[in-house]
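*Asks:* Starting off with a structure, shown below.
All of the numbers you see were taken from the coordinates with simple rules; none came from a lab. Computed from a predicted structure; not experimentally measured. So basically every Cβ, Gly included, is an ideal-geometry build from the backbone, and we count neighbours across all protein chains shown.
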Amino acid sequence: MKKALLAVALTAALANTAHANIRINGFANFIGGMASEDRVVSPTQDPLYGYDDNISFREESLFALQASGDVNDRMSATVQVLARGENDFEVDFEWAYLTYRVTNNMAVSAGRFRLPLFRLSDSLDVGYSHHWISAPQAVYDVPFNDLDGFRIDYSDFAGDWEYKLGAAVGTFENEISAGTIEGDNTYLVSAEVSNDWLSIRSVYGSAKTTFDQPDLNAQITDQLSAVAPGLRDFLLMEEDTARFVGVGVQIDTFDWFVGGEYTDIDIEESYTPKDEAWYVTAGMRFGKWTPSFTYQSFKGDEVKGLDELAALGEPLQTAITPSLMAINGVFAQNYTVTSATVRYDYDSNIALKAEISRYSDDLNDTRDATLSRIAINYVF
Amino acid sequence: MKRTIGATLFGALLSLQAVAEVVVVVHPDNQATITKQNVQRLFLGKETAFPSSEAATIVTQPASQPLRAEFDSDVLGRNTAQVSAMWAKLVFTGRGIAPQEVETDAEVIEFIQGDKNAIGYIDSASVNGDVKVVNLD
């Protein structure tokens, strides 16, 4: 299904070259960074993008090309390929979709596109379009970014207010932490109202989620199958319902702006803790300079399965508790990041940025570190 | 001599500023009632059609043109970098098609002659019978 959708979008986009009205755009982020300490942190628990105490330009640098063309008056095809430094700049099809403009206010897209979870989901990788070096990872770094499916967008005006409604359905699949996470029956609805200076957005989503991490799954199955099959089923993430709730507010007067987002992700019947994440950011624009400040918080460290285990009584409770704690130790995160960023508009398509972030881990302060980064963002 | 040149240049700059006024123009046959708010929404990619529901073709000038900066700040109320950032967001999310860009006022007029649904902006001094000025007040 997925491959078929990609192929359709691609064929439509390529066939269009004959009409000579194909639009090519691109963007690039060249980002270098260095952490103050050489920390040993598992990838599931590192909000510093893998930087260590040597300067690196590959963790976040990326290059992307987008081609789009009109199939007819109402239909267009878009393909975006993206090469990330962390993947040795291997070229990936990030997005490929067909959009059908039903009316001037409504469009339906089919294919692979960014899951519209957050206020800036769509333009997350386009560094030029925002004031940070990267969008706050506490909120934005989720293991399900791209959706294969359908999306409906509706927008209209009511007086000075613009409102946008969106719905998306489909599936996702992503490789993380030596495993694969899959979401079936994924759906998402969002609503946003905005005027000249204020924008408020809310989103609700759900997916039947399966996380296949062979080592972890084998451990849970081996330990619990015989003695506590109910607890095993509770802990394993197999077709379990994940729920996503998010709200965002932004005030932008163009001389200054302040905004924030809050998200809550919960896969109740699984070993993963419920995640609560939020950030606030504020900045001012002085001509070509945009200094800003951001504070973000991530909390997801509750130990799952304790109540279910307690119900089984002794001696299981004493015997299995250490295992629950060990699993929790792999996924638990509780941290804050405080950042100061400055953006300089070098040209109408090039921005230069510098950022210093202080990362403070509330579970293990040996992970604390300061991250310094510089970036060049380019669009064409 | 240098001072004379300086004075002449200064005078030229002053007179340029006195004359240069950006005006929004459309095809003379365009019957839509267009407000400043429509112009802002069209040039920021929030709307794709005129109030008459005809799809609009947006034509702009390059960031290197002083008139562009004037249009962005006076009519859109943003600086050019912000406008570019907003368009980057729309283009790379497939939610908008970047405006056509032409180099000069004459080319804007030519473009509008060739496309009845085009909307652009030029210096008021360049206005001729081939375009209709949109009243933004």
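*Asks:* Only Cα pairs under 8 Å and at least 6 apart count here; give the relative contact order of region B:21-133 as a rounded whole percent.
*Replies:* So the answer I get is 44 percent.
*Asks:* Please report, largest first and rounded to whole Å, the three semi-axes of the ellipsoid equivalent to region B:8-137, where each semi-axis is the square root of five times an eigenvalue of the C-alpha gyration tensor.
*Replies:* Square roots of five times the eigenvalues give 24, 19, 13 Å.
*Asks:* Gap in Å between the Cα centre of region A:167-203 and the Cα centre of region B:39-102?
*Replies:* Cα centroid of region B:39-102 versus Cα centroid of region A:167-203: 27 Å apart.
*Asks:* Here's a follow-up. Going by alpha carbons, how many degrees (0 to 90, nearest 10) lie between the helix axis of A:214-224 and the longest principal axis of chain A?
*Replies:* The angle comes out at about 30 degrees.
*Asks:* While we're here: Semi-axes of the protein assembly as shown's equivalent ellipsoid from the Cα gyration tensor, sqrt of 5 times each eigenvalue, largest first, rounded to whole Å?
*Replies:* For the protein assembly as shown, the ellipsoid semi-axes come out as 48, 27, 19 Å.
*Asks:* Another question, if that's okay. Just to check I understand the Karplus step: with θ = phi - 60° and J = 6.51 cos²θ - 1.76 cosθ + 1.60, what whole-Hz values come out for region A:286-301, glycine and proline as x?
*Replies:* For region A:286-301, the Karplus curve yields 10, x, 7, 9, 10, x, 8, 9, 9, 10, 10, 9, 10, 9, x, 9 Hz.
*Asks:* Taking θ = phi - 60°, what integer Hz values does the Karplus form 6.51 cos²θ - 1.76 cosθ + 1.60 yield along region B:67-74, in sequence order, with x for Gly and Pro?
*Replies:* Working through the residues one at a time gives 4, 4, 4, 5, 4, 4, 7, 6 Hz.
*Asks:* Could you size up the charge dipole of the protein assembly as shown around its Cα centre, putting +1 on the beta carbon of Lys and Arg and -1 on that of Asp and Glu, and report it in debye to the nearest 20?
*Replies:* Approximately 1640 debye in magnitude.
*Asks:* Under a plain spin-label model, where a point goes 7 Å from the Cα along Cα-to-Cβ, how far apart in nm are A:L306 and A:V91?
*Replies:* 5.2 nm
*Asks:* Quick check: residue separation of A:I251 and A:D38 times 0.36 nm, minus the Cα distance between them. What number comes out in nm?
*Replies:* Stretched fully, the A:I251-A:D38 segment lengthens by 72.9 nm.
*Asks:* Tell me, A:T171, A:T186 in order of fewest to most beta-carbon neighbours within 10 Å?
*Replies:* Arranged by neighbour count, lowest to highest, A:T171, A:T186 become A:T171, A:T186.
*Asks:* Starting from the Cα-Cα distance between A:N72 and A:D184, subtract it from 0.36 nm times their residue separation and give me the gain in nm to one decimal.
*Replies:* That pair, A:N72 and A:D184, stretches by 37.1 nm at full extension.
*Asks:* For the residue pair A:N145 and A:D347, what label-to-label distance in nm results when each label sits 7 Å from Cα along the Cα-to-beta-carbon direction?
*Replies:* 2.6 nm
*Asks:* Another one. At 20 Å minimum axial length over the Cα atoms and a Kyte-Doolittle cut of 0.0, report the qualifying DSSP H helices in chain B, or say none.
*Replies:* Both cut-offs are met by B:2-19.
*Asks:* Which residue fluctuates the most in chain A, going by a Gaussian network model with Cα springs under 10 Å, if the choices are A:G170, A:G179, A:G149?
*Replies:* It is A:G179.
*Asks:* Another question, then. Cα centroid distance between region A:253-303 and region A:104-134, in Å?
*Replies:* Taking the Cα centre of each part, region A:253-303 and region A:104-134 sit 17 Å apart.
*Asks:* Would you calculate the separation in nanometres between label points at A:M106 and A:D215, each defined as 7 Å from the Cα along the Cα-to-beta-carbon direction?
*Replies:* For A:M106 paired with A:D215, the spin-label model returns 5.0 nm.
*Asks:* Take the residue pairs A:K164/A:K299; A:K288/B:K36; A:K164/A:K208; A:K274/B:K46; A:K208/A:K304; B:K46/B:K116 and return only those whose Cα atoms are more than 28 Å apart. Don't jump to the answer; show the numbers that get you there.
*Replies:* On the way: A:K164/A:K299 30 Å; A:K288/B:K36 26 Å; A:K164/A:K208 26 Å; A:K274/B:K46 36 Å; A:K208/A:K304 19 Å; B:K46/B:K116 21 Å.
Result: A:K164/A:K299; A:K274/B:K46 exceed 28 Å.
*Asks:* Per residue of region A:259-273, in order, report the coupling 6.51 cos²θ - 1.76 cosθ + 1.60 (Karplus, θ = phi - 60°) as ³J(HN,Hα) in whole Hz, putting x for Gly and Pro.
*Replies:* x, x, 9, 10, 9, 9, 10, 9, 10, 4, 8, 6, 7, 7, x
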